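The values are calculated or read from the model by the stated rules, or taken from the named source; none is laboratory data. Note that the structure is a prediction, hence the values are computed from the model and not measured. Cβ placement follows ideal geometry from the backbone for every residue including glycine, while neighbour counts extend to all protein chains displayed. For the accessible areas, the whole protein counts, side chains as well, though only heavy atoms, and no ligand, DNA or RNA atoms are used. Shrake-Rupley method; radii C 1.70, N 1.55, O 1.52, S 1.80 Å.
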Amino acid sequence: MNATAILYSNNAWLMTSTGLVYLMTPALACFYGGLVENKNFLNQLFLSIVCMAIIPVQWCLFGYSFAFGPGNSVFGSFQYALLSPMAMVNSNGENIDKSNVASVTSLAFVAFQCSFATITPALISGAVVGRMKIIPYMIFIFLWTTVCYAPLARWIVFNGGWLNKMGVMDFSGGLIVHLSSGISGLVAAIILGSRFQFDPDAANIGQTNLAFTILGTGLLWVGWMGFTGGAAFAADGIAALAIVNTNIGAASSMTTWSILDIINGKLRGHNSGFVSIPGLCSASIVGLVVVTPAAGFIQPCYALAMGFIGGVIVYSFLACKRRFFHIDDTLDVFSCHGLGGMVGTCLTGLFCQKDVNEQGNNGALYGNPAQFLHQLIGILVTGIYAGVCTAIILLSLHFTIGIRIHQVDQARGLDNIAHGVIEQRPSQDIKMPSMQKRRQPSNVIATINIEHE
């Protein structure tokens, strides 16, 4: 097969993967929407979908140029602003950007990276349910993608990034997508404060549309095939390996979570078996998150282990969170994405293997303990930077235009306050006069009570 045919096949796979990753943002909207109260259902959908409007604009203006344009190991430049050089390609779609992936064309690479930038701030929305004003939120995701996501992509994903050159391994966004959004969600929840009448001891508040959560889970799982498979930037064996590991990791975590739920249910007296629907859906996401940084670097047996380890750790953390940590991270963004990203990145430093992917490194189990140290450095840098950026942006907005919805408006719900939607109440039953003849002493038939006393 000649070089042009290989380029076309790689492009076809990457553009397919791009579509799958874009699908994940409305899938996330469904996943989150099913877990909130009816009065905030549409607003929660909006918080995810609006990212599909704002982030591609930011990416075209300067986001891509900051992350992947000419520059140094820390900062990009304005040279690729408005993507004007990217459009100047010939009919073969040759790659004009030699500093990035050469196996696909530049525009395909731009689109794929934009799909990642779009879903990342949408993940944060799960931590601010029902209490953040929409205009500050829209400003926040634009600024956050500019000052937080783009630099992290520069440092970790860009071939010349300083963390990349150090040896930090992140196959498909365990650090720049999941850890950064998880930490940012936690910081946002702390700065915003709890929802009005928040009760940390109450379980399953809201969750009136769980069918949407189940649908969102399935669509996210399907979209994740492009999320990890596309990160190979080629239609080859590494892409296939990443997809296989993705499925195994999610399935392993889901199975582990189900077993833990059943055991926990038995201890609480549910003899017929108990499995939480929201928990099961979250378990699949945890497995997907944990395996993401390692998907193209490990054997499938390690994906099985990573799903199990991640499931146990996050399940245990959530049990402790409800008892000891009363921060209103409403939809457990930090637990699933932040903690899951940390666990997956650490395990990547143990299980990665150069014989599996020559573009990676050996992990601690294969004679290279320094790789585990590199992964820890990546976690620390990403977590601290994302937390500081989020705090600065939100506090600046708080002291200028305000970010928190008033308690009275929270009680009414953001569907009404932010979008003007009036919830339709079910029509009251019409009381019809009883046609049954009144029981008079003269028409009462004698009966015998046959119930055992």
Hey, what's the chain come to in accessible area per residue, 1.4 Å probe, Å²?
45 Å²
Go through the cysteines of the chain and tell me which have no other cysteine Cβ under 4.7 Å away.
C30, C51, C60, C114, C281, C301, C320, C336, C346, C352
Which residues in the range 114-133 place their backbone N less than 19 Å from a point set 7 Å from the Cα of L61 along the Cα-to-Cβ direction?
114-122
How many nm separate the modelled label positions at T400 and R323, each set 7 Å beyond the Cα in the direction of the Cβ?
4.4 nm
Assign unit charges at the C-beta atoms only (+1 for Lys and Arg, -1 for Asp and Glu), then state the dipole size of the chain relative to its Cα centre in Debye, rounded to the nearest 20.
860 debye
The range 265-310 to the range 20-54: how many Å between their Cα centroids?
23 Å
Tell me, what is the percent relative contact order of the range 3-419, built from C-alpha pairs under 8 Å that lie six or more residues apart?
24 percent
May I ask you to list the chymotrypsin sites (Phe, Trp or Tyr not before Pro) in the range 33-89 that are in a DSSP loop and have at most 13 other Cβ atoms within 10 Å of their Cβ?
F75, F78
HN-Hα J in Hz across the range 35-52 - Karplus 6.51, -1.76, 1.60, θ = phi - 60°, x for Gly and Pro
9, 10, 5, 4, 5, 10, 4, 5, 4, 5, 4, 4, 4, 7, 5, 5, 5, 6
With all protein chains present, how much of the accessible area of the range 254-383 (probe radius 1.4 Å) comes from carbon and sulfur, to the nearest whole percent?
65 percent
What are the ³J(HN,Hα) values, in whole Hz, obtained from phi via the Karplus relation 6.51 cos²θ - 1.76 cosθ + 1.60 with θ = phi - 60°, for each residue of the range 168-182 in sequence order, with x given for Gly and Pro?
5, 10, 8, 5, 8, x, x, 8, 6, 9, 7, 5, 5, 5, x
5 Å is the cut-off here: which amide hydrogens, built 1.01 Å from N in the peptide plane, fall below it relative to M132, excluding neighbours closer than 5 in sequence?
I405
Which residues make up the longest stretch of the chain that has no trypsin sites (Lys or Arg not before Pro) in a DSSP loop with at most 16 other Cβ atoms within 10 Å?
99-267
Measuring from the lowest to the highest alpha carbon on each principal axis, how far does the chain reach, largest first, in angstroms?
100, 48, 44
Exactly which chymotrypsin sites (Phe, Trp or Tyr not before Pro) in the range 297-337 are in a DSSP loop and have at most 16 other Cβ atoms within 10 Å?
F325
